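Enquirer: Got a structure for you, written out below as structure tokens; questions coming shortly.
The values are calculated or read from the model by the stated rules, or taken from the named source; none is laboratory data. If you're wondering where the values come from, they're calculated on a predicted model, not measured in any experiment. Please note: Cβ atoms are built from the backbone with ideal geometry, for glycine as well, and neighbour counts cover all protein chains shown. Side chains included, ligands, DNA and RNA excluded: accessible areas come from the protein's heavy atoms. Shrake-Rupley method; radii C 1.70, N 1.55, O 1.52, S 1.80 Å.
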Amino acid sequence: MKKLLSVLLAMIMLFSTLSCLTMSASAVYDSISSARSISSGVSYTGTISTADTVDYYKFTLSSSSTVTLSVNAALRELYVTLYDEDGNQIADDGPDWNSGGQIVFNRTYTFTKGTYYIKISKGYYTYDDNYGNYSLKLTTTSSNETFSETKGGLDNSIATANSISPKTTYKGQIAFNDTVDFYKFVLSTSSAVTLDVNGALRELYVTIYDEEGNQIADNSPDWNSSGQIVFNRIYTFTKGTYYIKISKGYYSYDDNYGNYSFKYTTSSANETFAETKGGIDNSIATANKISLGKTYKGQIAFNDLDDYYKFSVSDNKININVNGKVSELYIRIYDANGSEVFYESASANDSGSISYFNQITLTEGTYYLRISKGYYSSDNNYGNYSFTVSKYIPATSITSVSNITKGVSIKWSKIEGVSGYYVYRKTSGGSYSKIKTLKDGSAVSFTDESVKSGKTYYYYVKAYSGSSTSEKSGTAKIKRLARPVLKSASNTENGVLVKWEETTGAYGYKVYRKTSDGWKYIGKTTNAYFTDKTATSGKKYTYTVRAYSGDFISSYNSTGVSKYYLADPTLKTPSSTTSGIKLSWTKSAGAEGYIIYRKTGSGSYTKLKTEKGVSNLSYTDSSAKKGTKYTYKVKAYKSKTYSAYSNTKTITDKY
């Protein structure tokens, strides 16, 4: 009996030992401390059993990365949970089987550099189909962050912000365990800062802080139709240190985690008076002193909305010019006691720029000019501006603008006591630019020789004295039409034919004939020729031409082109006589004689005879031969001037 009990006891102990060994083997990965190490790109298998409902896996990221976890199983349900190296849960899922009775789980996470744990555990219910085998695979892709991050991130505050430089592209990541990144940049002068952020994310928060931690701008850009965030914004800041915070959007969707890149560029505002932090000239007490007639530059910044300037006047009128690429500015003037004596809002024109001018009457004394941001806080209400406070100079007026031989002539009224004038020009659709500075206060005209025929030009003029300028004159418009080049004048059967070269941009031409009283208009045409049918034979005529287009007209050749007009004679019907073929014609007033031409059959004309004397109006061709067909024509002449040919007559000699 004792022997039997000993055997039985030994068997019980062996069974207990084997059971313990089996449990240990199947539950070896049942905690973070005993987690199984796995590698990217390798498939692993495990089992959920009644004796082992939990498995832990351990993986390490050498850099911040995108992690894709795939789990497959013929199970009803599983729990998939991820932890960081401190054991904090950072993600969890409970995937169910699909219609094919399979769990096909795939999810992408983003994590910083470090060690992580995956927990695979039984689903909620204890159905038999909640036990079985599964497989898992992990793949990782580095996010290539510019600044390496570990655990919950290293740059999650202003104090730990990474320093960045302009014109350099930086890469970062919104991770499941690191949703905030701070970056630090320094402006050595007041500047416009352009920030570009791109990422395959649903949403981001982009926030800007000053060096004291005050928020001065924020945005929450969304993805576009292509699933990309493409963010671009221009800020204006004073000299100083700033922080960019890029953080996860509002929702915790997976597509709110991922990689992004950004870059910033700067453009100095070139302020005349350097500003830092929230500005240094934001009150009458801190106003910068300016001189009349000098141009100054300033900036309306996100963290500096006001600028004050101090000036003195002795005359009772001043000019204020303000220009800037902003939508609206407030312009105020205060007297020495701080009382407001002038206020006006300056708004942008159609091109988005302010071009403000005003004349203001002030008594002698000290004043303060305040330039501040307009009402709205849209980005285009921030930007650079320039201004001039100057002594009043009255505007001139353009008295004429005309086409002359060398170009376009502009004339204006004289302003007493000025140093000179500025001439500005633009073409249709263009912008005005200064084309001439006249350093003579008595100069009241200018010829623009750089114009091209067919183009329309606009002009205005400003008077100046020292660095003070007047308001611009009214504008004058003209279409440049070059003077037509005269080619010839010749006698035709209908009158004097005048020819010229075409003028680019001309619609037509006006023709003039010289008289004792000057040039007289005789007609117009759209061709480059014109026949004066009113000419009288035996008289010399001089012609000139002007091109025109609408109300615009060119200059003209004052010498003109001349022609002595001889009307063409009319050849009468010839007769065949025993002496030859007898020809006669009408008289051309002013002629010295006539030239007779003949041709035989279909041959060419040859000169037959020159009849001198204005009264010789007939000729007998005694060289004609019987039975031969002849054709005749005649023209009048005076010295080296010839009329057009007469009509022709054909006859066959009978004798």
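Enquirer: I need the calculated FRET efficiency for the pair Asp350 and Lys439, taking r as the beta carbon distance and R₀ as 30 Å, to the nearest 0.05.
Expert: Using R0 = 30 Å, I get an efficiency of 0.30.
Enquirer: Probe radius 1.4 Å, ligands and nucleic acids ignored: give me the carbon and sulfur share of the accessible area of the stretch 244-360 as a rounded percent.
Expert: 43 percent
Enquirer: For Glu275, which sequence-distant residues (separation of 5 or more, or a different chain) have an amide H within less than 5 Å of its own amide H, given hydrogens modelled in the peptide plane?
Expert: Ser190, Lys239
Enquirer: Further, regarding this structure: First measure r as the distance between the Cβ atoms of Asn224 and Tyr376, then evaluate 1/(1 + (r/R0)^6) with R0 = 25 Å and state the FRET efficiency to the nearest 0.05.
Expert: Efficiency at R0 = 25 Å is approximately 0.45.
Enquirer: Can you tell me the length gained on complete extension of the stretch Thr50 to Ser639, counting 0.36 nm per residue apart and subtracting the Cα distance?
Expert: Length difference between fully extended and current span is 198.6 nm.
Enquirer: When the Karplus curve 6.51 cos²θ - 1.76 cosθ + 1.60 is applied with θ = phi - 60°, which whole-Hz ³J(HN,Hα) does each residue of the stretch 468-478 get, with x for Gly and Pro?
Expert: 8, 10, 7, 5, 6, 5, x, 8, 10, 10, 8
Enquirer: Using amide H atoms built in the peptide plane, which far-off residues or other-chain residues are under 5 Å from Phe342 H to H?
Expert: Excluding prolines and chain starts, which carry no amide H, the hits are Ile333.
Enquirer: Further question: Once you put a point 7 Å from the Cα of Asp96 and another 7 Å from the Cα of Thr456, both along the Cβ direction, what distance in nm separates them?
Expert: Those two pseudo-labels are separated by 7.2 nm.
Enquirer: Also, quick follow-up: To the nearest Å, what is the center-to-center distance of the stretch 418-447 and the stretch 220-253, using C-alpha atoms only?
Expert: One Cα centre to the other: 47 Å.
Enquirer: Related question: Determine the share of the stretch 89-232's accessible area contributed by carbon and sulfur atoms, expressed in whole percent, with a 1.4 angstrom probe.
Expert: 42 percent
Enquirer: Subtract the Cα-Cα distance of Arg107 and Asn214 from 0.36 nm times their separation in residues, and report this length gain in nm to one decimal.
Expert: Contour length minus the Cα-Cα distance gives 34.7 nm.
Enquirer: Could you list the trypsin sites (Lys or Arg not before Pro) in the stretch 261-308 that lie in coil according to DSSP, counting only those with at most 15 other Cβ atoms within 10 Å of their Cβ?
Expert: Taking the stretch 261-308 and a limit of 15 other Cβ atoms within 10 Å, the loop trypsin sites (Lys or Arg not before Pro) found are Lys294.
Enquirer: Using helices alone, I'd like the mean residue ellipticity at 222 nm for the chain: each DSSP H run of four-plus residues gives -39500 (n - 2.57), total over residue count, nearest 500.
Expert: That comes out to -1500 deg cm²/dmol.
Enquirer: Please calculate the 1.4 Å probe accessible area of Asp532, with all protein chains present, and give it to the nearest 10 Å².
Expert: Accessible area, nearest 10 Å²: 0 Å².
Enquirer: Calculate, for Asp315 and Lys406, the FRET efficiency according to 1/(1 + (r/R0)^6) with r their C-beta to C-beta distance and R0 51 Å; round to the nearest 0.05.
Expert: After rounding to 0.05, the efficiency reads 0.80.
Enquirer: State, to one decimal in nm, how far the label point of Tyr343 lies from the label point of Asp128, with both points 7 Å from Cα in the Cβ direction.
Expert: 8.7 nm
Enquirer: I would also like to ask the following. Under the Karplus relation 6.51 cos²θ - 1.76 cosθ + 1.60, θ = phi - 60°, what is the ordered set of whole-Hz ³J(HN,Hα) values for the stretch 296-301, x standing for Gly and Pro?
Expert: 10, 10, x, 8, 8, 9
Enquirer: Sticking with this one: Once fully extended, how much extra length lies between Ser39 and Asp306, figured as 0.36 nm per residue of separation less the alpha-carbon to alpha-carbon distance?
Expert: Extra length from Ser39 to Asp306 when fully extended: 90.2 nm.
Enquirer: If you take every residue apart from Pro221 with its C-beta less than 12 Å away from the C-beta of Pro221, what net charge results, scoring Lys and Arg +1 and Asp and Glu -1?
Expert: -2
Enquirer: Apply the Karplus parameterisation 6.51 cos²θ - 1.76 cosθ + 1.60, with θ equal to phi minus 60°, to every residue of the stretch 504-511 and state each ³J(HN,Hα) to the nearest whole Hz, in sequence, with x for glycine and proline.
Expert: 3J(HN,Hα) across the stretch 504-511, in whole Hz: 4, x, 6, 8, x, 9, 10, 10.
Enquirer: Ignoring ligands, DNA and RNA, what percent of the accessible area of the stretch 508-655 is carbon or sulfur (1.4 Å)?
Expert: Solvent-exposed carbon and sulfur of the stretch 508-655 make up 44 percent of the total.
Enquirer: I'd like the chymotrypsin sites (Phe, Trp or Tyr not before Pro) in the stretch 496-526 restricted to DSSP loop residues with at most 16 other Cβ atoms within 10 Å, sorted by number.
Expert: Here the chymotrypsin sites (Phe, Trp or Tyr not before Pro) that fit, given the DSSP loop and packing criteria, are Tyr507.
Enquirer: State, to one decimal in nm, how far the label point of Ser247 lies from the label point of Ser488, with both points 7 Å from Cα in the Cβ direction.
Expert: Label-label distance for Ser247 and Ser488, simple model: 8.9 nm.
Enquirer: At what distance in angstrom do the alpha carbon centres of the stretch 42-100 and the stretch 557-615 lie from each other?
Expert: So the two Cα centres are separated by 118 Å.
Enquirer: Rounded to whole Å, give me the distance from the Cα center of the stretch 451-530 to that of the stretch 155-177.
Expert: 67 Å
Enquirer: Averaged per residue, what accessible area in Å² does the chain show with a 1.4 Å probe, protein chains only?
Expert: 49 Å²
Enquirer: Here's something else I'd like to know. Pairing the Cα long axis of helix 2-26 with the longest principal axis of the chain, what angle in degrees results, from 0 to 90 and rounded to the nearest 10?
Expert: 10 degrees
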